[in-house]
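Trainee: The structure follows.
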Amino acid sequence: DTEVTQTPKHLVMGMTNKKSLKCEQHMGHRAMYWYKQKAKKPPELMFVYSYEKLSINESVPSRFSPECPNSSLLNLHLHALQPEDSALYLCASSQTSGELTDTQYFGPGTRLTVL
Amino acid sequence: AQSVTQLDSHVSVSEGTPVLLRCNYSSSYSPSLFWYVQHPNKGLQLLLKYTSAATLVKGINGFEAEFKKSETSFHLTKPSAHMSDAAEYFCVVSDYNNNDMRFGAGTRLTVKP
């Protein structure tokens, strides 16, 4: 299995809702990543988990809360989001320790719309 | 600090003609360089990666890139464009010493029939 899967594909939520994005990989990778991508822009790194521990947090607002329950699974919990948080959220994984020189394998993304 | 510049925001070619997507970088150390492709509403897929081995790197789908240290460039080429190559292409530079990674702004490739 060489895939990174993300659910849901699309999510619409209000500013008072709480929702979660899920990412899964079964390649035995030990690092997982969350990115945010606005339209016509490159992805922006949000968080990196290495061996299930948060290793990089790129000053992301606390309304985004990552969780890595095990080495195959990565969640992003969302609460009190703003309309400007609407974007494509990409998950990625890499084989080793989360060094940013590693090759990353990306999922298809979750398209989030905040009303 | 490192940076990457994709010199063209949009490139348009005819099917069957060569593709050239340009990328310049700056890095204090020996960089790792990547090209990723993103088709509409999809995630990113790795095309190729340079890590200080051979300077000419061959990737998937007939793409290749040449690392030129003297010019600080890592341009992506393909001899003959196919309609399925139409996508957004990102050049990425990363640095082991700083554990930093930078994406270029992206180049949108259009392929005309």
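Trainee: Could you list the residues of region B:60-77 with an amide nitrogen less than 15 Å from a label point located 7 Å from the Cα of B:Gln45 in the Cα-to-C-beta direction?
Mentor: Correct set: B:60-64.
Trainee: State which entries of B:Lys78/B:Lys112; A:Lys9/B:Lys58; A:Lys36/B:Lys49 exceed 25 angstrom in Cα-Cα distance in the structure shown.
Mentor: Listed pairs above 25 Å: A:Lys9/B:Lys58.
Trainee: How far is it, in nm, from the label point at A:Val12 to the one at A:Lys53 when both lie 7 Å from their Cα along the line to the Cβ?
Mentor: 4.3
Trainee: For A:Ser65, B:Ser12, A:Ser86, which order do you get if you count the other beta carbons within 10 Å of each Cβ and list the fewest first?
Mentor: Taking fewest neighbouring Cβ atoms as first place, the list is B:Ser12, A:Ser65, A:Ser86.
Trainee: Okay, next question. Determine which residues of region B:96-113 fall in the zone a paramagnetic label at B:Asp8 would reach in this model, i.e. backbone nitrogen under 12 Å from the point 7 Å along Cα→Cβ.
Mentor: B:107-112
Trainee: Right, something else. Could you give the dipole magnitude of chain B about its Cα centre, charging the beta-carbon of Lys and Arg +1 and that of Asp and Glu -1, in debye to the nearest 20?
Mentor: 60
Trainee: Could I have the simple spin-label model distance between A:Arg111 and A:Gln82, label points 7 Å from Cα toward Cβ, reported in nm to one decimal?
Mentor: Output for this residue pair reads 2.4 nm.
Trainee: Compute the label zone of B:Lys112 within region B:54-95: residues whose backbone N is under 18 Å from the point 7 Å along Cα-to-Cβ.
Mentor: Those under the cut-off are B:80-87.
Trainee: How far apart, in nm, are the 7 Å Cα→Cβ label points at B:Tyr29 and A:Ser97?
Mentor: Computed distance between label sites B:Tyr29 and A:Ser97 equals 1.2 nm.
Trainee: To continue, here is another question. Select from B:Val111, B:Thr51, A:Tyr33 the residue farthest towards the positive end of the dipole of the protein assembly as shown; place +1 on Cβ of Lys and Arg, -1 on Cβ of Asp and Glu, and compute about the Cα centre.
Mentor: Going by the charge dipole, the pick is B:Val111.
Trainee: Cα to Cα, under 20 Å, and not fewer than 8 places away if on the same chain: which aspartates and glutamates meet these conditions relative to A:Lys41?
Mentor: A:Glu58, A:Glu84, A:Asp85, B:Asp8, B:Asp85, B:Glu88, B:Asp100
Trainee: Report the chymotrypsin sites (Phe, Trp or Tyr not before Pro) located in region A:7-75 that are in a DSSP loop and have at most 14 other Cβ atoms inside 10 Å of their Cβ, or state none.
Mentor: Loop-located and lightly packed - A:Tyr51.
Quick note: the coordinates plus some simple rules give every number you see, no bench work behind them. What you see is a predicted model; the values in this text were computed from it and never measured. Note that we place each Cβ from the backbone using ideal geometry, even for glycine, and neighbour counts take in every protein chain shown.
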